[in-house]
Amino acid sequence: MSEPDSSGTEGHVVSAAVMADTHGAHNVMTPGAEQALAPEVDAEPITQPGLDVAPVGRARRRDLAVAGDRWIARVLRGGAVVSGGMFVVSLGLEALPQSENVHVAIDLLRKGAASLLLVTPVARLAVAGTLLGLKGEWRYTIIAAGVLGLLAIAVGAGIQA
């Protein structure tokens, strides 16, 4: 925005940071001042050297990581959807006439749904460990295998008890 000087003509350009009025005059926006403050810019984007293109290896690793995340999401989503579907079907079976076969089917569906819901995070751990092992992340793969081994021992000990 421009401030008029004492002769009434436009003087120096005042930035937005210096908008305080120290002489008692009011800051007035003059027509065409927007053009002086914001010159027209070319449509070409501004780039910095060295940031133009990511290295091919880094882009490939990022793509593999995204693909791994998708597989993990599919496992979790699939387990939740199938388990929820089994619960809904068991609720729908309650509308049928009560018989021993219906009770057995309801019981099997609910136990299966609960078991699937509990096993889904274990499957996620197995998928994540495998995918990270394929990427060379051996430390995480060994930890995932250790956790899965401890779970197998716990389940085996629980079944025998």
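Each row is one residue, and each column tells you yes or no for (1) β-branched (V, I, T); (2) under 28 Å from G68 (Cβ atoms); (3) touching a helix residue (DSSP H, G or I) at 6+ places or on another chain (Cβ under 9 Å); (4) free of Cβ contacts under 8 Å to residues at least 12 places away in the same chain.
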residue: A80; (1), (2), (3), (4): no, yes, yes, no
residue: M86; (1), (2), (3), (4): no, yes, yes, no
residue: L91; (1), (2), (3), (4): no, no, yes, yes
residue: I106; (1), (2), (3), (4): yes, no, yes, no
residue: Y140; (1), (2), (3), (4): no, yes, yes, no
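Listed here are the residues, each with its yes/no results for (1) touching a Ser or Thr at 6+ places or on another chain (Cβ under 8 Å); (2) surrounded by 12 or more Cβ atoms within 10 Å (Cβ to Cβ).
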site: V66; (1), (2): no, no
site: R70; (1), (2): no, no
site: F87; (1), (2): no, yes
site: G92; (1), (2): no, no
site: N101; (1), (2): no, no
site: A114; (1), (2): yes, yes
site: L118; (1), (2): no, no
site: E137; (1), (2): no, yes
site: Y140; (1), (2): no, yes
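Readers should treat all values here as calculations from the given coordinates under stated rules, not as data from a laboratory. Please read all numbers here as calculations on a predicted model, not as lab measurements. All Cβ positions, even for glycine, are placed from backbone atoms using ideal geometry, and neighbour counts span all protein chains on display.
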